[in-house]
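Values in this text are rule-based calculations from the coordinates and carry no lab data. The structure presented is a predicted model; accordingly, all values stated were derived computationally and were not measured. Note that we place each Cβ from the backbone using ideal geometry, even for glycine, and neighbour counts take in every protein chain shown.
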DNA sequence: TTGGTTGCAAACAATTTGCATAAAT
DNA sequence: ATTTATGCAAATTGTTTGCAACCAA
């Protein structure tokens, strides 16, 4: 039995074709750091012959988010994008011209964040860093 | 003549009542780290007896953004929030228990961000960093 | 006067929801 | 058989636009 099914069961969701397909779609882009919108997922599924509704894609992605399976980002693009949640943390760089999303991780920044919080008597629970960038000419 | 009028003139915008009121509204919240949505601005203006349209608020805020008077953020919730642009940049630290917002600025992080972008062939247009924190005990 | 500006209503885009049908357990 | 999920269409939310009336220069 494919591992997707286990993930779904653990999340308390019935194992249905749309959910499996959507999960696979996200997994297939996990390595390329490609961030898909609901519309993207919908189009790609239809292109590969699946008969799903856009509403279902939205519903399922939201359920996945609630279950902690995916993370939803609301970058400055006007629509949400989704990525499979992974345990290794990273930040994002958004190319405002192409809407491409790159991931990065920087020790120095991570360390400074903790130092800054500590200086104010706080500890960091979570953080969110996005760089909006443009190709240098 | 109030200074708002000069700002508007410089931006090539006629000095009208809605524009003055909206600008004042933003100025009144400039010291607190409060970010207002278009709807917020609209409601507050109506509450203080002004007869403006929501569409006007959107239009004026967009004009202010184009003129560089305000900055529009599209984070978290899916609706935009606006703040007067100030020349001194800062990031935010949110106390998740009290919901308090602190502002901070860190040279080291700023510098690293530019280096990271440059390493990938990009230049930074904007960035967004929020630390979610809790009081250390 | 006259061209920019407004408020309203209608148009839009992204996302959500109601409901009758269909599929999973 | 029962419960949950689906697809569709209609509803909602946040935002933009067309237009006739209006106001600052």
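Table for the structure above
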{"read-out": "Peptide-level mean, for B:103-116, of C-beta atoms on other protein chains within 10 Å", "value": "4"}
{"read-out": "Potential lengthening between residue A:39 and residue A:114 on full extension [0.36 nm per residue; Cα-Cα distance subtracted]", "value": "23.3 nm"}
{"read-out": "Percentage relative contact order, chain A, counting C-alpha pairs under 8 Å, at least six apart", "value": "19"}
{"read-out": "Label point distance in nm, residue A:134-residue B:123, each placed 7 Å from Cα along Cα→Cβ", "value": "0.8"}
{"read-out": "Taking N as its residue count, the alpha carbon Rg of the range B:1-94 over 2.2 N^0.38 Å", "value": "1.05"}
{"read-out": "Normalised per residue, the volume of the convex hull around the Cα set of the protein assembly as shown (Å³)", "value": "189"}
{"read-out": "Cα long-axis angle, helix B:107-119 against chain B (0 to 90 degrees, to the nearest 10)", "value": "80"}
{"read-out": "Cα pair distances in the range A:39-137, grouped into 10 Å bins until the bin that holds the longest one, percent each", "value": "12, 33, 33, 15, 5, 1"}
{"read-out": "Percent of C-alpha pairs per 5 Å bin, the range A:87-127, short to long", "value": "6, 19, 22, 19, 16, 11, 6, 2, 0"}
{"read-out": "Theoretical ellipticity at 222 nm over chain B - DSSP helices of four or more residues, -39500 (n - 2.57) apiece, nearest 500", "value": "-12500 deg cm²/dmol"}
{"read-out": "At 7 Å out from Cα toward Cβ: residue A:50 inter-copy label distances (nm, ascending)", "value": "4.8"}
{"read-out": "Within the range A:5-40, backbone nitrogen closer than 16 Å to the virtual label 7 Å beyond the Cα of residue A:67 toward Cβ", "value": "A:5-28"}
{"read-out": "Between the range A:39-112 and the range B:107-134, the alpha-carbon center distance in angstrom", "value": "20"}
{"read-out": "Two-decimal Rg/Rh across the range A:45-91, once Rg and the Kirkwood Rh are taken from alpha-carbon atoms", "value": "1.03"}
{"read-out": "Position residue B:71, label points 7 Å along Cα→Cβ, spacing to each other copy in nm (shortest first, one decimal)", "value": "2.2"}
{"read-out": "Label geometry 7 Å along the beta-carbon vector: residue A:124 inter-copy distances in nm", "value": "1.4"}
